[in-house]
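Comments concern the structure below.
The values are calculated or read from the model by the stated rules, or taken from the named source; none is laboratory data. Remember, it's a predicted structure, so these values are computed and weren't measured experimentally. So basically every Cβ, Gly included, is an ideal-geometry build from the backbone, and we count neighbours across all protein chains shown.
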């Protein structure tokens, strides 16, 4: 049955499939709040096409990453694969409970999800249990956790997203992968256009949201020269040097209308996941990724606009 599950998942677009026994999770883990009879957690990993990042890397087109690399995967491909695996399990007399991220539900009332509009996020307003997807992916043997908290896979580096199926079927476990990709080089933090990742790898979600959406004008071809004119520190904001409180982040986000969002409340990523791209380039240069390409991802010096182009006096 395990081989049939793998085949079904891959036929619906999954690139990676891993199996973790329930014993790898603490007795009070949220998977047991969702389904107390969980015996196996099935992890499904989906590559984000390298080509989806290409337009942002070149500064030419921006919609592909968000619409194809995030929205289509999260709303269509990944649920379809998880449903297919769950259907197969039910055909065999077991339960399969598909688990996808609730992008607009967060437990932390002081945090946000940079990928969606902040005003549409529900904070501490639901008892719906959600578990740590990165932790679960590691437990399923899909990859390891990076310095900045992303899932790193040997095949695709951080260019991957995942969902899960909880089941009461006892299936052969896959080994947890030995960490061998992240060397804590800090290039993810260096690449962030808003310095949202600190020296310990902690991500400030509000700082991230502002610059994910394109507040750094030196990397945003859609920003007008007079952007943020009512902020006295507008040039610091545009340069990515301002430190933002959640309140100030909200005010800035309310003024970022330089590029339309996708459907399902997904915000267009102007930074193009600069942290993940820098990580991927580093792993590619080290030669540790098993998926090879004919040419390197970064082909030329990254482009940038001069900060002086936003001076209005």
Considering only residues of the stretch 155-178 that are over 16 Å from residue 139 (Cβ atoms) and outside any loop (DSSP other than H, G, I, E, B), which is nearest to the chain's Cα centre (by Cα)? 161
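Would you check which residues across the stretch 74-104 are in a helix (DSSP H, G or I) and surrounded by fewer than 17 Cβ atoms within 10 Å (Cβ to Cβ) and list them? Please lay out each step first, then the result.
Taking the stretch 74-104 and keeping what is in a helix (DSSP H, G or I), we get 74-91.
Of everything in the stretch 74-104, those that are in a helix (DSSP H, G or I) and surrounded by fewer than 17 Cβ atoms within 10 Å (Cβ to Cβ) turn out to be 75, 76, 79, 80, 83, 87, 90, 91.
Return yes or no: is residue 268 touching a strand residue (DSSP E or B) at 6+ places or on another chain (Cβ under 7 Å) and closer than 17 Å to residue 112 by Cβ? Step through it out loud before you land on a result.
Values: touching a strand residue (DSSP E or B) at 6+ places or on another chain (Cβ under 7 Å): no; closer than 17 Å to residue 112 by Cβ: yes.
Judged against the criteria, residue 268 is not a match.
Out of the residues in the stretch 26-59 that are in a loop (DSSP other than H, G, I, E, B) and touching a strand residue (DSSP E or B) at 6+ places or on another chain (Cβ under 8 Å), state the one that is nearest to residue 70 (Cα to Cα). Please lay out each step first, then the result.
In the first step, residues of the stretch 26-59 are kept if they are in a loop (DSSP other than H, G, I, E, B); the result is 26-29, 35-39, 48-49, 59.
Restricting the remaining residues to those that are touching a strand residue (DSSP E or B) at 6+ places or on another chain (Cβ under 8 Å) gives 35, 38-39, 48.
Values: 35: 27, 38: 28, 39: 30, 48: 8 Å.
Here the answer is 48.
For every residue, the table says whether it meets (1) more than 25 Å from the chain's Cα centre (by Cα); (2) more than 30 Å from residue 46 (Cβ to Cβ); (3) in the same structural domain as residue 60 (by TED's automatic domain parsing); (4) without any contact (Cβ under 8 Å) to a residue 40 or more places away in the chain.
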| residue | (1), (2), (3), (4) |
| --- | --- |
| 220 | no, no, no, no |
| 229 | yes, yes, no, no |
| 239 | no, yes, no, no |
| 247 | no, yes, no, yes |
| 270 | no, no, no, no |
| 279 | no, no, no, no |
Kindly check whether there is at least one residue in the stretch 287-294 that is over 12 Å from residue 157 (Cα atoms), touching a residue at least 12 places away in the same chain (Cβ under 8 Å) and out of contact with any strand residue (DSSP E or B) (no Cβ under 8 Å at 6 or more places or on another chain). yes
Here is a check on your reading of the model: is residue 259 touching a strand residue (DSSP E or B) at 6+ places or on another chain (Cβ under 7 Å), touching a residue at least 60 places away in the same chain (Cβ under 8 Å), surrounded by fewer than 23 Cβ atoms within 10 Å (Cβ to Cβ) and at negative phi? no
